[in-house]
There are 4 protein chains.
Amino acid sequence: MTVRFGLLGAGRIGKVHAKAISGDANATLVAVADAFPQAAEAIASAYGCEVRTIEAIEAARDIDAVVICTPTDTHADLIERFARAGKAIFCEKPIDLDVARVKACIKVVEETGAKLMVGFNRRFDPHFMAVRKVIDDGKIGDVEMVTITSRDPGAPPVDYIKRSGGIFRDMTIHDFDMARFLLGEEPVSVLATAAVLVDKAIGEAGDYDSVSVILQTASGKQAVISNSRRATYGYDQRIEVHGAKGMAAAENQRPVSIEVANGDGYTRPPLHDFFMTRYTEAYANEIAAFIAAIEKGSKISPSGADGLAALALADAAVQSVKEGKLIKIG
Amino acid sequence: MTVRFGLLGAGRIGKVHAKAISGDANATLVAVADAFPQAAEAIASAYGCEVRTIEAIEAARDIDAVVICTPTDTHADLIERFARAGKAIFCEKPIDLDVARVKACIKVVEETGAKLMVGFNRRFDPHFMAVRKVIDDGKIGDVEMVTITSRDPGAPPVDYIKRSGGIFRDMTIHDFDMARFLLGEEPVSVLATAAVLVDKAIGEAGDYDSVSVILQTASGKQAVISNSRRATYGYDQRIEVHGAKGMAAAENQRPVSIEVANGDGYTRPPLHDFFMTRYTEAYANEIAAFIAAIEKGSKISPSGADGLAALALADAAVQSVKEGKLIKIG
Amino acid sequence: MTVRFGLLGAGRIGKVHAKAISGDANATLVAVADAFPQAAEAIASAYGCEVRTIEAIEAARDIDAVVICTPTDTHADLIERFARAGKAIFCEKPIDLDVARVKACIKVVEETGAKLMVGFNRRFDPHFMAVRKVIDDGKIGDVEMVTITSRDPGAPPVDYIKRSGGIFRDMTIHDFDMARFLLGEEPVSVLATAAVLVDKAIGEAGDYDSVSVILQTASGKQAVISNSRRATYGYDQRIEVHGAKGMAAAENQRPVSIEVANGDGYTRPPLHDFFMTRYTEAYANEIAAFIAAIEKGSKISPSGADGLAALALADAAVQSVKEGKLIKIG
Amino acid sequence: MTVRFGLLGAGRIGKVHAKAISGDANATLVAVADAFPQAAEAIASAYGCEVRTIEAIEAARDIDAVVICTPTDTHADLIERFARAGKAIFCEKPIDLDVARVKACIKVVEETGAKLMVGFNRRFDPHFMAVRKVIDDGKIGDVEMVTITSRDPGAPPVDYIKRSGGIFRDMTIHDFDMARFLLGEEPVSVLATAAVLVDKAIGEAGDYDSVSVILQTASGKQAVISNSRRATYGYDQRIEVHGAKGMAAAENQRPVSIEVANGDGYTRPPLHDFFMTRYTEAYANEIAAFIAAIEKGSKISPSGADGLAALALADAAVQSVKEGKLIKIG
C-alpha cells in the first residue's frame, strides 16, 4: 500500500516533510496547500505534486493522510476538520497552547476514530531511540534519574516568543516529552526556576531564556531539565538516563567528526547549529513511523494524549516559577 | 619556614593528611592524637612522629598548626580550643551539623584571629581548578548555568547516615560548595526534590538516596545538582559551567585510560570507585594550599564562612523537600 | 542544466549510484543496462528509468554521462567505447588491474577529450574532506607524516580475492589514493610487509590478509598504512595527518553514538559494519561532484591518472613484499 | 626487608629515582654519588642520605642495590663493577650503544649471577600495563598487529643527538621494546624509512627526525612505529594492539582533562609536554618492581637481554634505511 499525502503548510518544516514523504517508498505526496501560493508552488514543482486548497484536500478521494505544518493557532481546527474527513493526521506540535482547547480537539479525534500523531520528532532520533532501546532491553535496570540538556544556539526573535507561548511551551515542551519517553512513568510534580540571562527583550516580553526544571514521578523517579536560548558551540542536545544497574547517554552530534591538535590543545568542530540539520534523520524516521502505523493499522505514538501531557507539564512549570512552589499534576 | 603539624584523628582521612604533610617539603608532622592508641601509633611509626594527647598538642610550642579529622561532633569544640591556643586550623567538613553552633564557633575564630580552613577538598582537584581558571580568564564570559553531577558508587551504612545529618548535609554539601565556587555569586533560593530509590533502609532512617536541587542567585544564575547513592560504573563527579561566551566542563576520572573494542563495542574501564583515589591530588593540593597560606600569611579559603554557607544551603534543601516550595536564603 | 545518465551495471554499487543520481536535483537517470535483465528491471522500476542495452546507451542522444559499475575486466573497454561516444564517464575503481592496459585506456580518454572520473569515494567522505580542508587552510602547516588505518570487518570470499588482484590492488588501493590525497606530493618509494593471519585460504590463493606499508615522497614526507581483513568491532577507517604546526585526524564512524556504563565500564556501540553504510554520504557527494564538474565544465578529480598512480603503488607494494626491499616509483 | 640503595648520578633522571626510592616503604636511599658534588649534595639534603664516591658505594656493606643514572658511556663499566661487587643493579637504558660491548657486559652479569634491570620505564606505565593485561587475559585473542605512535614535543639539542646514537637508538628504542612487549614474539625483520623534516641541523649531524618502521615476527605479526621529533600539541604516546578477537589501545595523557567549548569548537588542553610528567607513575612503578624482585628473589624484567634485543632492532633499522631493504634479525 502506498499512503497518499496532502501537505498543509509549505514553510520551513513543511519542506522537510515534503522531502521525507517523497523519499519514502511507501508514500506519495499528492498535493500541497499554503496561504502563500508561491510557497506551495515551490514544493509542488520540486516534488511533482499538485497545489490545492485546504478544502480540496479535505474533500479529496486520492488523499489518505495529511501533514499539518500551518501556524499553531490553526492546528486544533484543522485536526478536527480532517478527523471528520476521515484522514490520518500528522500534526506538528503543539495541538494548541490552551489545555482546554487541546482536550476538546482530542475528544473529536476520539469520537471520529481518526488516527492522530503529534510531531515530537526527538523520539525518532536514532541516538535517543538507541537509549530507549537500552532501557527496554533491561541493560540499565529500573530507571531512576534522567538528565536532559537542551540549549539553543541562539534566541529566536521576540515576535516568535510572543506567539509561541514562551520558553516552557515552545522549547522545554520537547524535553517534557523526552522526560516522559525516558522515565516510563508519569511525572506527578514539577519544580521550575527561570531567569532572563541572554536577552533582556525576552524578559520585556514576559518570558525567560534560561530555565531549570525538576520533574518527579509517584515512585520518586526524577528528571532534571536544563534549558538556555544560548549555546555558542552549537545545538546542545543531550540525554542521560541512570538506572539501578547502569547509565545510558546520547552524545551531542556534529556535522563532521574530526580533531585538530596544536599548541592550544585538541579541538573538535562545533555541533550542528540548526535543529533541522541536527534532527534530519529524526524527521525522516518520524514520517516513516506515521506511514508504517497507517499501513499496519497499528497504534500511533506519540498521540494527542502525549501532546496534552507535555503541555500540562509546561503549564505547571510556568506556575511553579510564578508561585515559587512545587506544582502537582493531574 | 617549615609548618609544624599536629594531627587530631588517625582514621582513614587522617592517614591521607599525614601522608600529604610528610610528603610536603614545607611541612613536618610532629605529633598525632587519637582516642585509639593503636591508630595513632600506626601513623606515628609510618611517618616518624610522636603520639601525644590532644591536650599536649594544644600546649605544644613545637606545633604551629593542627588538622582536625576527629568525629564530626567534636569539630566545633576542637576548633575553638585550638583557635584559643593560637594554632592555625585545618578542619574536615562540616564544622557542625547545627547552623547556630557553626556561627558560634566562627565567632570564636574571628575573635581569636585564628586561621581556619574547612576541608572542601574538591576545590583543589586539578580538573575543577582548571575549570575555575577558565572562568577567571574570561574564556566563557559571565557564568549563567552550572550543572553538577555527583553520584557515589554505593550507599554508606545506615549507621553513618544517622550520624551524618543526611544526604544533603554529608554528600550534597560538597556540591553546594562547588556551586558557590563556580557561580561566583551567592545562591538566594533553593528548590529540592528527594526520594528513596536505592536502599529502603535509608528511607526508614528518615533520609533520601536520590536528590535533585536547583539553586538560583539574585541575578538569575542557576546551578542544578544531581545526586545518587548509586553508580555501578564508579564514582561519578562531573561539573559543567555555561557562560555567555561558552562552556567549560571537567570530565570523569578513571584509574587507567584504555579502550578495548570487539563485537560488543568499544569499552573503557569504570571510573575510580572510591573518593580517596579519585581525589588523591585534591587532598595533597588542599594541604599544600593551607601550608602556603600560613607561610605567606595570606587569606585562607575555603573559610569557616564557606562551611557555614554550604550548611545553610543543605538545611534549605531539606526544608524545600519537606514543604514543597522554594526556600529563600539569608 | 540537468545531466542525463545511463547506468552500466545494476549490482550492489550500481544501486547506490542509481539512488544518488535520482536524488540529485541536477541529474536524471534515463536508462540502465545489465547482463541480468532482472537486475536492470529492478532499478528501472524503483527509479522510473528505462532498461536499454549498452549499445543503445552508447548511441543515445538523450544521455550525457555514464556510470560504469560492471565487472572490473570490462572497465577499460567500456571507458574507451564511451569516451569515443562523447559521453562523460564515471568509472568505479579500478580501470584495470594491468598498468599497461590502464595507460592505453587513459590515452584514448585523452585523445577523445572525454571527461573521466574514477571512483575513489573516500575523497568525498565529509570527515576526510574536512581533514583535507584543515590542511588546505594551513592550520597544521606543511604535511610531514600520514597514518592510515583501514581494517575490514571480515575477509571477502576467496573467489573474490582471486579476481580482485589481491589485497594491495583491491583494498590498500583506496589507502594509496588517500595517502596521495593527503600528502600533497607523490610517493617515490614503497616498503611493504604482508602476512596471512586471518584466513589460511587467502594464503592458499596466493594473497595476504594483513599488510603494513610505508610510502615516502621526494622531500621525505611519509605515509604509513595498516590494513587487515579482520576487525571484530566494525569497519575501521581512520586517517591522521601530522604537519609542522599540528595534527588533524578523522575519527571512526558508528551508526549511533550512545554510551552505556555499568560495572564493566563505559561502552559505545561497534562501528558501521559495511562500507556502504559507512560511506553513504561519500557516495552521494562523489556523484554530486561528477555532476557539478560536467555542469561547470571544470576539471574532474580523481582522474584516470589518479587511478593509474594508485595502481602503480599497489604493484610496487606487491614487489616490495616479494623482494624484501624498497621499490622506487616512476 | 628494606632494600638499601646507592644512587649513581644525580642529574634529572637521578632525582626522579631518588624521590621514588625515598617514597617507597620497602626501600631506603643510603647514598648518592656524582661527578658534580653540588648535584649529589642537593639530593642528599633533600632525601636525607649521604654523599659518597662510587668506590665507597661499591665497597659499602650497607648498600644492596644501585641505580645507574650516569652518562651512557659509563653504563657498561659500572654494571660490570657492581655486578662483581654483588649489588643488584638498575641501569637506565641503554647499556651501551655498541652491541658487542652490551653482549660482553651481559656475559659478566650472567657469570656473577647479578640481578640487572634495564630502564624501559614505559612497560610500567599503568595504561600500557593495562593493555598488556587485556592481552594476557585473552580478551583480544592472538595479537596480530601493533601500532605505536611516539612523537616528542620538540627536537633535542644537536649535541645530544651526536652522543645518543641517533633517533633509532635513543628514541625509537623505547618503541622497539614496547613492540616486543606487546607482540609477545620476537621480530625477525625490520623495514625502516627516515627523513629530516623538522630540523636541518639534525640532518647535518647525520641523523633523522621523522621515521617509520615496520617489524615482523616469524608468524607474520606486524608492528608499525611512527616517530617524530615534533608534536606541537604535546608528548604523543599511543599504543594500539589488534588481535584475532578485538583491539586494545591506550590513549594519550594530559595534565588536566577538561573541555572548553565556544564558536571555534570543543577544545581539550594539550598533552603532557615532558616525558617526566607523562611517565611519573611509570618511573615509580618501575623502581617498585625492581625492589619487589629483589625482595622476592624473583626474575627481573626487562633484563639485559631485553636491552640488547632493542638495540639490535635499532641497528637493523639504521641499516634498513641505508640499504633500502628488509634487514633480518638474529
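See the values below:
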read-out: Lysine pairs with alpha-carbon atoms under 20 Å apart, segment B:3-114, spacing 8 or more or separate chains; value: 6
read-out: For segment B:88-178, Kirkwood radius (reciprocal of mean inverse C-alpha pair distance, Å); value: 15.8
read-out: Projected label distance in nm at C:V188 and D:S303, using a 7 Å step from Cα toward the beta-carbon; value: 4.6
read-out: Degrees, to the nearest 10: A:75-84 long Cα axis against longest axis of chain A; value: 40
read-out: Test item: C:195-201 mean partner chain Cβ contacts at 10 Å; value: 3
read-out: Listed residue (C:F82, C:V3, C:I54) projecting farthest to the positive dipole end of segment C:1-122, Cβ model; value: C:V3
read-out: Dipole magnitude of segment A:125-186 about its Cα centre (Cβ charges: Lys, Arg +1; Asp, Glu -1), debye to nearest 20; value: 260
read-out: Signed unit charges on C-beta, dipole axis of segment A:161-216, positive-most listed residue A:A194, A:F168, A:G206; value: A:G206
read-out: Separation of alpha-carbon centers, segment C:146-190 and segment C:1-63, rounded to whole Å; value: 29
read-out: Karplus-derived 3J(HN,Hα), 6.51/-1.76/1.60, for each residue of segment A:263-276, Hz, glycine and proline x; value: x, 8, x, 9, 10, 9, x, x, 6, 3, 10, 7, 5, 6
read-out: Most positive-pole-ward Cα, A:V67, A:T112, A:V16, against dipole of segment A:3-114 from beta carbon charges; value: A:V16
read-out: Contour excess over end-to-end distance, with Cα ends at B:A35 and B:A56 and 0.36 nm allotted per residue; value: 6.2 nm
read-out: Accessible area buried, both sides summed, chains D and C with 1.4 Å probe, Å²; value: 3000
read-out: Residue-averaged beta-carbon neighbours from other chains (10 angstrom radius) around B:182-193; value: 2
read-out: Principal axis dimensions, segment C:3-114 - Cα atoms, whole angstrom, descending; value: 39, 25, 23
read-out: Distance histogram in 10 Å bins (all Cα pairs of segment D:212-297, percent per bin); value: 13, 27, 32, 23, 4, 1
read-out: Cα centroid separation, segment D:198-227 to segment D:251-330 (Å); value: 15
read-out: Which listed pairs, of A:K162/B:K133; A:K299/B:K325; A:K328/B:K328, have C-alpha distances above 29 Å, in listed order; value: A:K162/B:K133; A:K299/B:K325
read-out: Nearest 10 degrees, 0 to 90: helix D:37-47 Cα axis against chain D principal axis; value: 90
read-out: Reciprocal mean inverse distance between Cα atoms of chain B - Kirkwood radius, Å; value: 20.8
read-out: Estimated dipole of segment B:3-114 in Debye, rounded to 20 [Cβ of Lys and Arg +1, of Asp and Glu -1, Cα centre]; value: 180
read-out: Alpha-carbon Rg/Rh ratio, for the protein assembly as shown, with Rh computed the Kirkwood way; value: 1.01
read-out: Cα long-axis angle, helix D:172-183 against chain D (0 to 90 degrees, to the nearest 10); value: 80
read-out: Charged-residue dipole, Cβ positions (Lys, Arg, Asp, Glu), chain C about Cα centre, Debye nearest 20; value: 300
read-out: Nonlocal amide H pairs with B:A231, under 5 Å, H built at 1.01 Å; value: B:G154
read-out: Whole-Hz couplings from phi, Karplus 6.51/-1.76/1.60, listed for segment B:111-126; x for Gly and Pro; value: 5, 7, x, 6, 8, 9, 10, 9, x, 8, 4, 5, 4, 9, 5, x
read-out: For C:V51, residues with placed amide H under 5 Å, excluding near neighbours; value: C:V32
read-out: Within the accessible area of segment A:3-114 (1.4 Å probe), percent carbon and sulfur; value: 52
read-out: Accessible surface, per residue, of the protein assembly as shown when the full set of protein chains is kept, probe 1.4 Å, Å²; value: 37
read-out: GNM flexibility winner over chain A from A:A56, A:A88, A:A317 (Cα, springs under 10 Å); value: A:A56
read-out: Additional length obtainable on full extension of the chain from D:A85 to D:K162, 0.36 nm per residue less Cα span; value: 24.5 nm
read-out: Size descriptor, Kirkwood hydrodynamic radius, that averages inverse alpha-carbon separations across segment D:275-329, Å; value: 13.8
read-out: 10 Å Cβ neighbours from other chains, averaged over peptide B:147-157; value: 1
read-out: Karplus 3J(HN,Hα) series, Hz, for segment C:96-108 with 6.51 cos²θ - 1.76 cosθ + 1.60 (x for Gly, Pro); value: 6, 8, 10, 4, 4, 5, 4, 4, 4, 5, 4, 4, 4
read-out: Distant-in-sequence amide H partners of A:D236 (H built 1.01 Å from N, under 5 Å); value: A:R151
read-out: Selected from C:D77, C:D64, C:D125 as most flexible by GNM, with chain C as the system and alpha-carbon contacts under 10 Å; value: C:D77
read-out: 16 Å Cα-Cα reach of B:K200 towards aspartates and glutamates, excluding residues that sit fewer than 8 places from it in its own chain; value: A:D142, A:E144, B:D159, B:D209
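The values are calculated or read from the model by the stated rules, or taken from the named source; none is laboratory data. Predicted, not measured: the structure shown is a model, and the values here were computed from it. No Cβ is skipped: glycine too gets one built from the backbone with ideal geometry, and neighbour counts run over all protein chains shown. Ligands, DNA and RNA are stripped out before the accessible areas are found, and what is left, the full protein with its side chains, is counted by its heavy atoms. Shrake-Rupley method; radii C 1.70, N 1.55, O 1.52, S 1.80 Å.
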